[in-house]
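The values are calculated or read from the model by the stated rules, or taken from the named source; none is laboratory data. All values reported here derive from a predicted model rather than from experimental measurement. Every residue, glycine as well, gets a Cβ built from its backbone with ideal geometry; the counts of neighbours run over all protein chains shown. Side chains are part of the model used for accessible areas, which takes the heavy atoms of the whole protein and leaves out ligands, DNA and RNA. Shrake-Rupley method; radii C 1.70, N 1.55, O 1.52, S 1.80 Å.
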Amino acid sequence: MINSLDPRIKREQINEDNTIAPLTEMDQFETYEVFHQKKRGDQHVHVGIVHAPNAEMALLFGKEQFGRRGLSVNIWVVKTSNVFASDYDDADIFETVPEKQYREAGGYKVMDKINKYKKENKA
Amino acid sequence: MYGNAYIDPNEKANAMLAGEDPIKLAEFEARIARGEKIEPKDWMPKEYRKQLIRMIEQHGHSEIIGALPEGTWITRAPGFKRKLALMAKVQDEVGHAQLLYSAAETLGKSREDMINDLITGKSKYSNVFNYPAYTWADACIIAWLIDAGAIINQVANAKGSYGPYCRALDRICTEESFHLKYGHDNVVTLATGTPIQRKMVQEALTRWWPPIMHFFGPSDKISSHTEILMRWKVKMASNDDMRQQFLNMYVPKIWDLGLVIPDANLKKNEEIGKWDYTEPDWDEFKRVINGGGPCNAERLAVRRMAEEKGRWVRAALLRKDEKYVTPLA
């Protein structure tokens, strides 16, 4: 029996050689990805995962793990197996080129033309 | 709360890169050199994966085991406010373990395997938790100075190269700052209190000083092995550098309270800006990390008991159609 300094552990009367069977696969359940919203109007942001046996408990663990300080109004949990992700090896699909300026507000500059027009047409 | 992962100095560097695709290795190293993070599904050298799993896992175990000596003081903490604060701290530590286990999982080791390796004694955890918290003052010294050491280590590691570990550490460091303030507040209360309180906190400091000096681990041997780990941003600072940083930040704060650090050789060498101290007893460190400390057996036995008592609940909740996939990030 362990002669602990800790009265709580002493009460448990634990043997030092209390070997237990190893944890088997799925003992810790599957994982849920957690999305956290700080305040109304904000986007939900991915903050990490929890292991849980079902969505209700994933919400509970998600709240404990990611919402116990600061602002929180809402969380989502999604089974990791239900998330489809792009591949980092395909990151080149996001690459852009200077010609794509036509997608940007900054790609449209008209002041030179306006000034020139105003100068030439000063009556 | 965590010191540095214990790296076996006898591991050979030349074996680290054996069999790696040179082109992929060069791309990987270039990415890290550019300051980019590595994400779970990226190609990585076997040794990078292995060292990170070992390090993050040990860190996770340290949080769980570290909660044990502190958790025992919740019911005996003086006053309602301190009981609440200590409960919050212990919950944080257990939460940190979950964040860290998740980060290690993304590298391919299941949480079940990590827990199994902890409870059979195969995996290590921070050596300081093999010592008992005899009095309330011990719990206060742990909360202040062990957490202070942990923050130094964790702030350094948060700048490492593995994305999931960095993200976990950023969250952890924010929470640890509360632990540090809470611990400091407690120590100041005792040190500025009655003669009995002062005596109690001095005795706790005397007891904890050697484990605190052990906390960052022995001097790193400058080996090509460590060099590679530093190039890969797995290891972010040498054990001695972190120990120096700790001494620099906290020795003056301890002296401010008129407490005596039990090392007559401890003084700052102003010429080189470093602290001189008596070399810690590394034989004692090795003896304790290998199972010979006052609480090793108790810590693991308590952990096994907890795991065993919860097993039927987990079994009852497990649905047949559940399927594990590795977390994304």
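I'd like the orientation of helix A:55-66 relative to chain A: the angle between its Cα long axis and the longest Cα principal axis, in ° from 0 to 90, rounded to 10. The helix A:55-66 is inclined about 80 degrees to chain A. Applying both filters, DSSP loop and at most 16 other Cβ atoms within 10 Å, to the trypsin sites (Lys or Arg not before Pro) of the stretch B:87-142 gives B:122.
Cα axis of helix A:111-120 to longest principal axis of chain A: angle in degrees, 0 to 90, nearest 10? Long axis of A:111-120 versus the principal axis of chain A: about 10 degrees. Among B:54, B:314, B:287, the largest mean-square fluctuation in a Gaussian network model of chain B, built with springs joining Cα atoms closer than 10 Å, belongs to B:314. Here the peptides A:55-61, A:20-26 are ranked by packing, the mean other Cβ count within 10 Å, and the order with the highest first is A:55-61, A:20-26. Measuring nothing but protein heavy atoms, the accessible surface of the stretch B:131-251 at 1.4 Å probe radius is 61 percent carbon and sulfur. Where is the GNM fluctuation largest for chain B (alpha-carbon springs, 10 angstrom cutoff): B:316, B:15, B:133? Most flexible of the set in this elastic network: B:316. Here chain B is assigned +1 on the Cβ of each Lys and Arg and -1 on the Cβ of each Asp and Glu. Its dipole about the Cα centre then comes out at about 840 debye.
Roughly speaking, what is the centre-to-centre gap between the stretch B:18-63 and the stretch A:53-92 when only Cα atoms are used, to the nearest Å? The stretch B:18-63 and the stretch A:53-92 have Cα centres spaced 24 Å from each other. For the residue pairs B:124/B:233; A:63/B:309; A:38/B:253; B:89/B:320; A:63/B:81; A:38/B:81, alpha carbon separations beyond 31 Å are given by A:38/B:253; B:89/B:320. Note on chain A: with neighbouring protein chains present and a 1.4 Å probe, carbon and sulfur make up 53 percent of its accessible heavy-atom surface. Each of A:44, B:61 has its accessible area taken with a 1.4 Å probe; listed largest first, they run A:44, B:61. Give the separation of the Cα centroids, the stretch B:100-167 to the stretch A:13-34, in Å. When both Cα centres are located, 18 Å separates them. Sorting B:106, B:135, A:19 by accessible area puts them as A:19, B:135, B:106; the probe is 1.4 Å, largest comes first, and only protein heavy atoms count. Counting, for every residue in B:123-129, the Cβ atoms of other protein chains within 10 Å of its Cβ and taking the mean gives 0.
Each Lys and Arg adds +1 at its Cβ and each Asp and Glu adds -1 at its Cβ; summed about the Cα centre, the protein assembly as shown shows a dipole of about 1640 debye. Report the residue, chosen from A:69, A:103, A:40, that carries the largest GNM mean-square fluctuation when chain A is represented by alpha-carbon nodes joined by springs under 10 Å. Of the options given, A:103 has the highest mean-square fluctuation.
A 1.4 Å probe run over the stretch B:22-317, with the rest of the protein chains in place, finds 41 Å² accessible per residue. Per residue of peptide A:46-52, the mean number of Cβ atoms on other chains within 10 Å of the residue Cβ is 6.
The mean number of partner chain beta-carbon atoms within 10 angstrom of a residue's beta-carbon across peptide B:302-314 is 4. Structural descriptor for chain B: relative contact order 24 percent, calculated from alpha carbon pairs under 8 angstrom and at least 6 residues apart. Largest accessible area first, the residues B:43, B:255, A:76, B:282 order themselves as A:76, B:255, B:43, B:282 under a 1.4 Å probe with ligands, DNA and RNA left out.
Entry note, chain B: the mean residue ellipticity at 222 nm calculated from DSSP H runs of n ≥ 4, each adding -39500 (n - 2.57), is -19500 deg cm²/dmol after division by the residues and rounding to the nearest 500. Pairing chain B with chain A buries about 4100 Å² of accessible area. This figure sums both sides and uses a 1.4 Å probe. In straight-distance terms, cross-link reach from residue B:323 covers every one of the lysines whose alpha-carbon lies under 16 Å from its own, apart from those fewer than eight places away in the same chain; here that gives A:79, B:109.
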